Every structure is written in C-alpha cells, then in structure tokens.
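Following: one structure in structure tokens, then a few remarks.
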Amino acid sequence: MMSFKSNVLCCLVVLCSFMAFAQQPLQLWYTAPATQWEETLPLGNGRLGMMPDGGITQEKIVLNDITLWSGSSQDANNYEAHKSVKEIQRLLLAGRNDEAEALVNANFVCTGAGSGHGNGANVPFGCFQTLGELQIDYHHADDAHAYRRQLDLPSAIATTQFETNGIRYHREYFTSFGSDVGIIRLTADKRRSLDFSVTLTRDERAKIKTEGQELQLSGALSDGRGGIGMRYIARIRIQHQGGKLTVDDRALHLAGADEAILYVSIATDFRNTSHLTRSQSLMEAALKHAYQAEKQLHQTAFGKFFNRVSLEIDDKSTADLPTDERLRRFYERPAADNGLAALYFQYGRYLSICSTRPGLLPPNLQGLWAHQIQTPWNGDYHLNINAQMNHWPVEVANLSELHEPFIELIKTLAQEGKKTAKAYYNAPGWVCYMIANVWGYTAPGEEASWGASTASGWLCNHLWEHYLFTQDTAYLAEVFPILREAARFYHHTMIKEPRHGWLVTAPSVSPENSFLMANGKRTSVVMGPTIDNQIVRELYNNVLAAAEQLNIRDPFIDTLGMDLAHLPPPVQIGSDGRVMEWLEEYREPEPQHRHVSHLYGLYPAPFISPQTTPEWADAARKTLQVRGDAGTGWSRAWKILFWARLQDGNHALEILRQLLQPALGSEINMSGGSGGTYPNLFCAHPPFQIDGNFGGTAGIAEMLLQSHAGFIHLLPALPDAWSTGEVKGLKARGNYTVDIKWKDGTVVDYHIHSPTNKPVNVLVNGTMTVYNGE
Ligand code: FUC
C-alpha cells in the first residue's frame with residue numbers, strides 16, 4: 001500500500017498509470033424491440049423524458065415532462081386536530097393504542113381526499129402523469145435482422161439499428177442537455193429509403209392537430225376541483241434531406257427522404273411559465289443548431305456530471321451479451337459478471353443526471369418516466385423512505401448539485417409545514433408527513449397506518465448530509481433555520497413515556513408496519529417508534545453541530561442539548577437479540593415486513609457500527625436475518641446498504657443479486673416476493689419504482705467507501721468476487737474525492753483530493769493512517 005499526499009494536479013498525473021481492466025462498454029443493449037414499457041430505454045435531461053421502444057415498423061416513444069402534474073395547491077390540514085392530540089396521547093400512555101389509532105383516524109388525518117388512496121389524479125393532491133406517446137409508423141418491411149437496440153450511458157444516446165430488404169436503418173435518440181428538446185435522427189444506408197408518418201396520442205385531455213408543418217398535442221389536466229389545472233403542449237417538427245413532407249390534420253408524413261431529424265419540444269405551465277411560448281422558443285432555437293453541434297452540446301453537458309466517476313471491477317466474463325441475458329446470468333451467479341454491477345452503478349448515476357436538474361424538481365417515484373395517466377401512488381414524493389432513497393447516491397457518487405431540487409422541495413415543505421404543526425399540535429416549528437407533491441402538501445395521509453409518520457426530521461438528514469459532503473457553510477447558514485425549526489416542532493410536541501421518562505413522539509407509527517396488541521388487534525399507532533427516536537436524536541445532534549459551526553448562540557439550542565439526555569437510546573435490544581422496532585416487544589404479524597425502519601440508525605444515520613457499538617451491530621445483523629433478504633425492490637436496495645455498513649461485502653453482494661432478480665410483472669405487489677429488476681434495468685417494486693435503482697447505486701458505493709464514522713474507510717465491504725478493481729471520483733464527507741485501486745482484496749493505491757487539504761483519518765487495509773493533505 002502506498003498513500004499519496006497530493007494535490008489535484010499531481011493526482012491526475014499519477015492516475016494515468018492506473019491499470020485499465022477489460023470491461024464491457026457501459027451500454028444496455030438488446031436484440032429485439034421492447035415488448036412492454038419496462039423494456040424501453042429511458043432518456044431524460046432532468047426535465048423531459050423519452051422512452052423509445054425500437055419497434056421495427058411501428059415505434060412508440062413515451063414522452064414525459066417532470067413538471068406535468070394534475071391537482072393544485074390545497075390546504076388539507078385539519079385545524080381542529082390539535083384538540084384531539086392530548087386524548088390520543090393519554091390513550092397511548094395508557095397502552096390503549098387501538099383506541100388511540102381510532103381517534104387518529106377520526107380526527108388526526110388530512111381533510112378532504114388526501115392522496116385519493118394513491119389514486120389522486122382527479123383530486124387536489126393530483127398525480128404525476130405521462131405526457132403522451134409519439135408514434136412513428138415506418139413504411140418498410142418488418143422482417144428485420146441484425147437488430148440492435150442500445151443505450152450508451154457515457155453519451156446518453158440511444159440507438160436502434162437493423163436491416164430489412166437489404167437496407168440498413170439507423171435511429172439515434174437523445175433528450176438534449178443542450179437545447180432542452182428531444183431529438184430523433186433517422187437514416188438509412190440507401191438514399192430515399194425513409195418513409196414514415198408521425199402521430200401523437202394521449203389517453204385523455206388531449207387535443208391533437210397540425211399547424212403549418214408542426215404536429216401538436218396539447219391540453220389541460222384536472223385541478224382536482226372540477227376545474228382546469230396544469231396545461232401542457234408537445235410540438236413535433238421534422239427536418240429532412242430529400243423526400244417530401246406532407247401534413248394532414250393529425251399527422252406528419254415524410255416520403256422518400258435520405259435523412260430525417262424529429263424535434264420534440266415540450267412544456268407545461270408549471271410555476272406560471274407560458275408553455276406555448278417556452279415550447280416554441282426552445283423548438284426554434286434547437287432547429288437552428290446543426291445536428292452534430294447539438295449532439296456535441298448534449299454530450300458535453302451530460303458528460304460534465306457523468307465522467308466524474310469511473311468504476312471497474314475485474315471481470316472474468318468477456319462475453320458481449322445482451323443486457324437481459326446478463327441479468328439472468330448475474331442472478332444465477334453474480335461473480336460471472338462483475339461488469340454488470342459496475343454497469344448498474346453507473347446506470348444509477350445516469351438516471352440521477354437524467355431525472356433531475358438544479359432549479360427544477362427532484363426525481364419522483366418513477367424519476368421522470370411514466371407511461372400512465374394515473375401513476376402508481378401518484379408518482380409522488382413518498383417521504384417515509386422513497387424520496388430519500390432517491391437521493392442516497394447523489395453525494396457519494398459525486399453528483400452533489402443534484403441534491404439541490406430535493407433541498408428546494410424541503411424548503412417549500414418547511415414553509416407550508418408550519419401550518420401543519422399548528423393544526424395538529426398547536427406547536428411552533430414545522431412538520432410534514434409521509435406524502436408530498438409539487439403543490440406543497442404537508443398534511444398527514446388519509447389513514448394512520450401509513451400516513452401518520454412525520455417526515456420533517458428525516459428530511460433534515462438530507463440538509464445536513466449535503467453540508468457534510470460539501471462543507472459549504474454559506475449553504476448551512478441558509479438551511480440552519482429549517483433544521484432548528486424542525487427540532488423546535490419535536491421539542492414542543494414530544495411527551496414523556498412512563499417507564500423511563502424518555503421524551504418520545506406521539507402519535508406516530510413505524511413506517512407502514514403494524515403489531516398485535518395483547519387483545520389480538522392489529523395496530524400501528526404508538527409513541528416513540530425506534531425510527532423516530534433515532535431521527536430526533538440525529539436532528540438534535542445536527543442542530544447543535546450546525547450551531548457550533550456557524551457560531552450561533554441561542555438558548556433554545558441549549559435546551560435541545562439538555563433534551564438529548566432524555567431521549568431513548570438509538571437502539572434497544574429485545575429479548576431475542578434483535579433491535580426493537582417499538583418501545584414495547586410486540587408480537588409481529590409481518591416479521592419480514594419490507595420497511596426496516598428501526599435500522600435507520602445503521603443507514604442512513606451513523607449510530608450503529610461494528611467498531612464503536614458492536615452489540616448494536618450484532619442486534620442489527622440478527623434483525624436483518626429475521627427480516628430476510630427478499631423484499632420489494634427498494635427494500636432489497638436498503639438491505640445492501642445495511643450489510644455494507646455491517647461490513648459484510650459478501651452478504652451485500654448477495655442482496656445485490658436479489659435486487660437484480662429478473663422481473664417483468666408491473667402490477668403493484670407488496671409481498672416482496674416479486675421485487676427485482678426489469679430488462680431495462682429499472683427497479684421493480686413492482687411496479688417500476690426508481691428508488692431501488694438509486695438505493696442499489698448508493699449500496700455499491702457504500703461497499704467501496706464509507707465516511708460516516710469520522711474517518712474515511714476504503715473498501716469497507718468488498719465481496720470476495722470483487723477482489724480486483726479500481727474506482728475513481730467517489731466523494732467522502734469533508735469534501736474529499738477518493739480514488740482507490742485494489743488487487744486480491746487489498747488496497748494497492750489510493751488518492752484523496754481535497755480543495756482545503758484538511759488532514760483526515762483513513763482506514764486502509766485495517767490500519768488507520770492520517771492523510772495530511774499537503
Ligand atoms: C411506501 C412503501 C411501498 C411503496 C410506496 C410507494 O408506501 O411502503 O412499498 O414503495 O411507498
């Protein structure tokens with residue numbers, strides 16, 4: 001092992017000497033058109049999305065805009081709710097949780113339809129919706145051969161190629177990071193061979209027409225109150241070489257052309273943008289760029305993010321196989337294709353870059369890709385795991401700017417959530433619950449069992465982590481009031497539980513899990529679920545640390561310091577050696593429930609560690625063994641992170657194998673038995689939910705690098721199968737950029753870059769050393 005004291009320049013020189021591994025290109029590819037949406041290839045530029053299916057004579061391309069939401073702003077707070085809170089708490093203190101739950105359901109939920117039980121397209125909550133479908137009917141033979149459909153990650157370009165009737169056709173698609181339009185270029189190796197018609201469709205609320213040589217799809221969604229909500233438009237134009245373009249009232253037709261470029265310009269009136277003007281000016285600007293110049297702009301802008309990290313794991317497999325085939329092989333034996341793990345990791349980074357952008361919205365449950373009007377669970381921001389997991393890779397995988405849209409959403413919720421704190425507790429500060437939308441919804445859900453957990457504390461974890469990674473104190477000063485006011489809410493609302501006198505939240509739930517009371521009733525509502533105890537402790541710690549960093553003195557912050565001594569410990573171990581999920585050891589109707597909320601302290605929080613709290617780590621291990629390795633897609637992904645933090649790389653890889661279990665079904669399934677990964681490498685809850693992709697990506701990073709315990713740990717959870725490899729550009733807390741090269745399970749070279757050259761402890765091959773940063 002050799003450690004380098006280096007500055008960035010010296011590192012660049014030395015890194016050139018890093019060995020390169022034979023590895024498959026970072027491409028997803030297939031030998032046939034997609035037969036269902038979960039096989040189509042996602043393109044996105046943080047706002048607009050396209051998913052082409054590569055059909056031979058008829059191609060369908062699902063179009064998306066991340067801002068396209070039905071519904072509208074509403075105040076769903078029940079301002080009478082606070083009148084019930086004392087009674088709910090009294091019942092909880094008396095152990096009458098079932099009665100407390102009945103009262104929560106009666107008086108302590110949202111007003112109105114809430115999320116519409118996950119079907120909120122036509123209520124004020126609304127839902128994220130597909131924009132529509134672009135269809136291209138090609139007038140050529142359908143007996144194609146030499147077919148290849150591909151997504152190239154480093155260029156963010158998809159292609160379809162095949163041969164029919166002696167002519168080779170080539171299609172190239174991207175959602176430009178340059179001009180913010182979708183682009184599809186069609187060519188053939190024989191002149192005048194392009195002959196096709198283009199139409200647009202949407203299942204509802206759509207008007208389709210042509211205007212001059214432009215095809216348009218436009219409409220307005222429901223505002224959820226019987227009125228007009230968000231407006232949208234998609235415009236299609238074709239530039240062509242040779243041939244003849246004709247237009248009828250619903251389609252564009254091109255005959256006998258040599259080359260055609262389709263431009264797709266989409267906009268909504270989200271945040272009062274003029275969708276008509278915006279889509280038109282984007283279109284006009286894009287049409288002025290030469291195709292190659294636009295492609296270059298796109299690749300450069302995308303590459304600025306994507307190229308920051310590389311990962312190669314020595315791969316014995318040299319076979320160049322289609323991705324669906326690789327997925328099947330990986331599930332049989334992950335060691336047979338280490339390259340697929342690297343591809344999956346980079347795909348997660350690709351999906352982050354494509355599904356969000358600073359200044360806009362964070363990725364929702366499906367990122368920005370949806371083919372339905374009523375998306376599952378409204379394609380919303382679920383805040384009891386999902387939206388958080390969507391952001392687990394962004395810091396460590398060197399995409400810190402992509403945390404910003406989520407942080408902006410949190411700022412909105414912190415503003416709106418002041419009303420919720422007043423309505424439900426008559427308390428100062430702010431709170432939000434487990435569902436949110438683009439309209440600033442902060443009230444609880446419609447039902448206690450899933451809708452009564454507060455999310456404000458967990459969201460503050462993201463505000464703080466962004467600071468830890470970036471060390472940006474100006475940013476910290478800006479978000480400090482949000483952290484403090486979240487803590488103020490908990491400080492004012494927690495009650496003393498009778499057995500130990502600990503301060504606990506009440507009412508609350510351990511996300512979506514339930515227990516059996518002595519009377520046999522299945523119940524969810526409790527005081528002090530373990531996850532809340534961990535989150536509140538973490539929040540108070542972080543407020544104190546932030547105040548110290550910013551040199552802020554405030555008697556309220558001293559009070560939080562005193563409260564810390566009265567919080568429950570982060571972990572209580574039950575009689576069977578597991579981490580307790582609640583204050584009581586209840587009987588569990590679903591011991592393998594998909595949520596593993598009581599291990600929040602293991603990941604994302606840093607409370608449980610094999611080094612510093614080995615008994616708690618043992619209890620966490622036992623918990624996971626009983627919970628089982630299976631689960632919905634995101635549940636499997638979370639378990640990779642847990643096993644990585646427990647420093648068991650082989651078990652982490654085993655869960656990665658399970659996350660990559662080939663899946664096809666798209667019906668909602670909560671049992672966990674059918675979680676896995678679709679042929680296009682989208683995560684299957686099922687249905688498609690992007691959190692599992694992001695959790696899996698974060699999990700792979702966490703196997704290679706950890707930095708939550710006050711030092712940088714290189715290869716903390718390396719599986720035996722990944723014995724040799726190299727990663728460059730991962731980020732550690734403290735704003736360090738880390739490159740690691742390893743061979744036969746041992747670090748043989750590493751570099752740490754830091755703009756400030758602050759010394760840091762590094763654990764390398766079992767030895768703690770100090771990186772001096774000179
Ligand atoms: C939570 C999870 C479900 C699903 C939904 C979107 O309710 O418990 O598994 O992921 O969010």
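The values are calculated or read from the model by the stated rules, or taken from the named source; none is laboratory data. Since the model is a prediction, treat every value here as computed from it, not as a measurement. No Cβ is skipped: glycine too gets one built from the backbone with ideal geometry, and neighbour counts run over all protein chains shown. These accessible areas exclude ligands, DNA and RNA; they are computed on the full protein's heavy atoms, side chains included. Shrake-Rupley method; radii C 1.70, N 1.55, O 1.52, S 1.80 Å.
With the requirement that a residue be open to solvent by less than 60 Å² (accessible area, probe 1.4 Å) and over 30 Å from A370 (Cα atoms), what does the stretch 59-93 give you? N78, A81, H82, S84, V85, I88, Q89, L91, L92 - these are the residues of the stretch 59-93 that are open to solvent by less than 60 Å² (accessible area, probe 1.4 Å) and over 30 Å from A370 (Cα atoms).
With respect to the stated conditions, G178 is small (G, A, S), open to solvent by 30 Å² or more (accessible area, probe 1.4 Å) and closer than 27 Å to W69 by Cα. Looking across the stretch 342-391, the residues that are assigned to a helix (DSSP H, G or I), among the hydrophobic types (A, V, I, L, M, F, W, C) and away from the ligand (no atom under 16 Å from the Cβ) come down to A342, L343, F345, L351, I353, C354. If you go through the stretch 224-263 and keep only what is within 15 Å of I184 (Cα to Cα) and not in a strand (DSSP E or B), you end up with just D258. The residue that is farthest from N461 (Cα to Cα), among those in the stretch 599-623 that are of a type in the set (A, V, I, L, M) and touching a helix residue (DSSP H, G or I) at 6+ places or on another chain (Cβ under 6 Å), is A620. If you go through the stretch 742-752 one residue at a time, do you hit one that is open to solvent by 40 Å² or more (accessible area, probe 1.4 Å), at pLDDT below 95 and not in a strand (DSSP E or B)? Checked the stretch 742-752: no residue is open to solvent by 40 Å² or more (accessible area, probe 1.4 Å), at pLDDT below 95 and not in a strand (DSSP E or B). Scanning the stretch 627-647 for residues that are within 14 Å of the ligand (Cβ to nearest atom) and of a type in the set (A, V, I, L, M) returns A630, A637.
Scanning the stretch 419-459 for residues that are charged (D, E, K, R), within 13 Å of Y79 (Cβ to Cβ) and either within 16 Å of the ligand (Cβ to nearest atom) or touching a helix residue (DSSP H, G or I) at 6+ places or on another chain (Cβ under 8 Å) (or both) yields one hit, K422.
To keep it simple, each residue is scored yes or no on (1) modelled with pLDDT of 95 or more; (2) assigned to a helix (DSSP H, G or I); (3) closer than 25 Å to L763 by Cβ.
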| site | (1), (2), (3) |
| --- | --- |
| I668 | yes, no, no |
| S671 | no, no, no |
| N680 | yes, no, no |
| P686 | yes, no, no |
| G696 | yes, yes, yes |
| A701 | yes, yes, yes |
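Could we say that P358 is under 25 Å from D629 (Cβ atoms), open to solvent by 10 Å² or more (accessible area, probe 1.4 Å) and at pLDDT 95 or above here? Against the criterion (under 25 Å from D629 (Cβ atoms), open to solvent by 10 Å² or more (accessible area, probe 1.4 Å) and at pLDDT 95 or above), P358 does not qualify. Identify all residues within the stretch 606-626 that are within 30 Å of A663 (Cβ to Cβ) and either within 14 Å of the ligand (Cβ to nearest atom) or of a type outside the set (K, R) (or both); write none if there are none. If the condition is that a residue be within 30 Å of A663 (Cβ to Cβ) and either within 14 Å of the ligand (Cβ to nearest atom) or of a type outside the set (K, R) (or both), then A620, T623, L624, Q625, V626 are the ones that fit.
Within the stretch 703-725, being in a loop (DSSP other than H, G, I, E, B) and within 20 Å of N338 (Cβ to Cβ) holds for L715, P716, A717, L718, P719, S723, T724. Residues in the stretch 664-692 that are among the small types (G, A, S) and surrounded by 24 or more Cβ atoms within 10 Å (Cβ to Cβ): G675, G676, A684, G692. Test of understanding: among T323, T375, which residue is open to solvent by less than 10 Å² (accessible area, probe 1.4 Å), among the polar types (S, T, N, Q) and closer than 30 Å to G114 by Cβ? Unique residue meeting the criteria: T375. Apart from one condition, T724 fits all of (1) in contact with a strand residue (DSSP E or B) (Cβ under 9 Å, 6 or more places away or on another chain); (2) open to solvent by 10 Å² or more (accessible area, probe 1.4 Å); (3) within 16 Å of the ligand (Cβ to nearest atom); (4) among the hydroxyl-bearing types (S, T, Y); the exception is (3). Pairing residues of the stretch 231-255 that are under 16 Å from L134 (Cβ atoms) with residues that are in a strand (DSSP E or B) and basic (K, R), at Cβ distances under 8 Å and at least 6 apart in sequence or on separate chains, gives R250/K209; L254/K244.
In the stretch 63-71 there is at least one residue matching the filter, namely being aromatic (F, W, Y), under 27 Å from P363 (Cβ atoms) and out of contact with any Lys or Arg (no Cβ under 9 Å at 6 or more places or on another chain). Return the residue satisfying two criteria in turn: it lies in the stretch 488-534 and is of a type in the set (A, V, I, L, M) and in a loop (DSSP other than H, G, I, E, B), and of such residues it is nearest to the chain's Cα centre (by Cα). That would be V509. In this entry, I552 is excluded by the filter for residues that are among the β-branched types (V, I, T) and either in contact with a Leu (Cβ under 9 Å, 6 or more places away or on another chain) or surrounded by 17 or more Cβ atoms within 10 Å (Cβ to Cβ) (or both).
Assess whether A342 counts as being more than 16 Å from the chain's Cα centre (by Cα) and surrounded by fewer than 24 Cβ atoms within 10 Å (Cβ to Cβ). Spelling it out, A342 is indeed more than 16 Å from the chain's Cα centre (by Cα) and surrounded by fewer than 24 Cβ atoms within 10 Å (Cβ to Cβ). Criterion applied to T187, T201 was being under 30 Å from H145 (Cβ atoms), in contact with a His (Cβ under 7 Å, 6 or more places away or on another chain), of a type outside the set (A, V, I, L, M) and open to solvent by 10 Å² or more (accessible area, probe 1.4 Å), and the one residue passing it is T187.
Listed residues R621, R594; which is within 27 Å of the chain's Cα centre (by Cα), farther than 23 Å from I495 by Cβ and part of a helix (DSSP H, G or I)?
On inspection, the qualifying residue turns out to be R621.
Please work out if R205 is of a type in the set (K, R), touching a Leu at 6+ places or on another chain (Cβ under 7 Å) and more than 22 Å from L254 (Cβ to Cβ). Criteria met by R205. Restricted to the stretch 628-648, and to residues there that are buried (at least 24 other Cβ atoms within 10 Å of the Cβ) and of a type outside the set (A, V, I, L, M, F, W, C), the residue that is farthest from G577 (Cα to Cα) is G633.
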